[in-house]
Amino acid sequence: MTKTAIYPGSFDPVTNGHLDIIERGSKTFDRLIVAVLENPRKKPLFSAKERLKMLNIVLKKYPNVEVDYYQGLLIKYAEQKKARIIIKGLRAISDFEYEFQMAMINHKLNPMVETMFMMTSSKFSYLSSSIVKEIASYEGCIKGLVPDELYDMILDKFNDRDIPCDANL
Ligand code: PNS
């Protein structure tokens, strides 16, 4: 039986921390669906179309990884896709309370679907989409934090000129 897992998120934008989870997830499951969903607690900077475009650019090299968009409850999406596993990345204890609540509520809504957590690699433990946006908004260097192919697309949201930087991450 094919093991399908869903990796949901707002990916606003996708970071190297997300990529680390996707890469490891693609080796763990037969099929991994990276699903852009809306987080009602956040107002995205990038449109759904832009977020999908960025994910498609960086994930095209993974044959068992698909990119999709869904507006609605994650558990309904998992049911639609016949996926029994949701994977989430955990960076720090600060992530735990919210993710614990989400895992519990999703399990209540459908006990057949399991949420599994992967610890983010320590080198990305500080990284989040919000931090990337904050650095970029102040013309800071985001090299090494996001995939190289997306560097210009992300900076274009904030500035129209190149930001010279020499990050060594
Ligand atoms: O990257 P994020 O912002 O932490 O991702 C959160 C996301 C989009 C996975 C979460 O907000 C979500 O599942 N949204 C869909 C609505 C839903 O199912 N909420 C949980 C039950 S109330």
Extent along principal axes [Cα atoms of the stretch 30-108; Å; largest to smallest]: 32, 31, 25
Accessible area per residue, Å², the chain with all protein chains present, probe 1.4 Å: 58
For the chain, with +1 on Lys and Arg beta carbons and -1 on Asp and Glu, the positive-most of 48, 13, 86 along the dipole: 86
Backbone HN-Hα couplings from phi across the stretch 72-88 [Karplus 6.51/-1.76/1.60, Hz, Gly and Pro as x]: x, 6, 4, 5, 5, 5, 4, 5, 4, 8, 6, 9, 9, 10, 10, 10, 9
For the stretch 124-140, Karplus couplings with θ = phi - 60° (6.51, -1.76, 1.60), whole Hz, Gly/Pro x: 10, 5, 8, 8, 8, 4, 5, 5, 4, 5, 5, 4, 4, 5, 9, 6, x
Carbon/sulfur fraction of accessible area - the chain, other protein chains in place, 1.4 Å, %: 53
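Given the -39500 (n - 2.57) contribution per DSSP H run of 4+ residues, what per-residue ellipticity at 222 nm results for the chain, rounded to the nearest 500 deg cm²/dmol? Kindly include the intermediate steps, with their values, before the conclusion.
Details: 6 runs with 64 residues, N = 169.
My calculation for the chain gives -11500 deg cm²/dmol from helical runs alone.
Taking the convex hull of the alpha carbon atoms in the stretch 50-149, what volume per residue do you get, in Å³?
Working: hull volume 13.5 nm³, N = 100.
In the stretch 50-149, the Cα hull volume divided by residue count equals 135 Å³.
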Electrostatic dipole magnitude of the chain [Cβ: Lys, Arg +1; Asp, Glu -1; Cα centre; debye, to 20]: 660
Per-residue ³J(HN,Hα) for the stretch 98-105, Karplus 6.51 cos²θ - 1.76 cosθ + 1.60, θ = phi - 60°, Hz, x for Gly and Pro: 5, 5, 4, 4, 4, 5, 5, 5
For residue 66, residues with placed amide H under 5 Å, excluding near neighbours: 32, 33, 34
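Can you tell me the mean projection area, over all orientations, of the convex hull of the chain's alpha carbons? Units nm², please. Walk me through the numbers on the way to the answer.
Values: hull surface 39.4 nm².
If I average the Cα hull's projected area over directions, I get 9.9 nm².
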Nonlocal amide H pairs with residue 118, under 5 Å, H built at 1.01 Å: 88, 89, 90
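Work through the residues other than residue 104 whose Cβ is under 15 Å from its Cβ and net out their charges, Lys, Arg +1 and Asp, Glu -1. Intermediate values should be presented prior to the final figure.
On the way: positive: 88, 108; negative: 95, 97, 99, 114.
Neighbourhood net charge equals -2.
The values are calculated or read from the model by the stated rules, or taken from the named source; none is laboratory data. Just so you know, these numbers come straight off a predicted model, no measurement behind them. We place every Cβ from the backbone using ideal geometry, glycine too, and count neighbours over all the protein chains shown. Please note that ligands, DNA and RNA were not included when accessible areas were found on the heavy atoms of the full protein model with its side chains. Shrake-Rupley method; radii C 1.70, N 1.55, O 1.52, S 1.80 Å.
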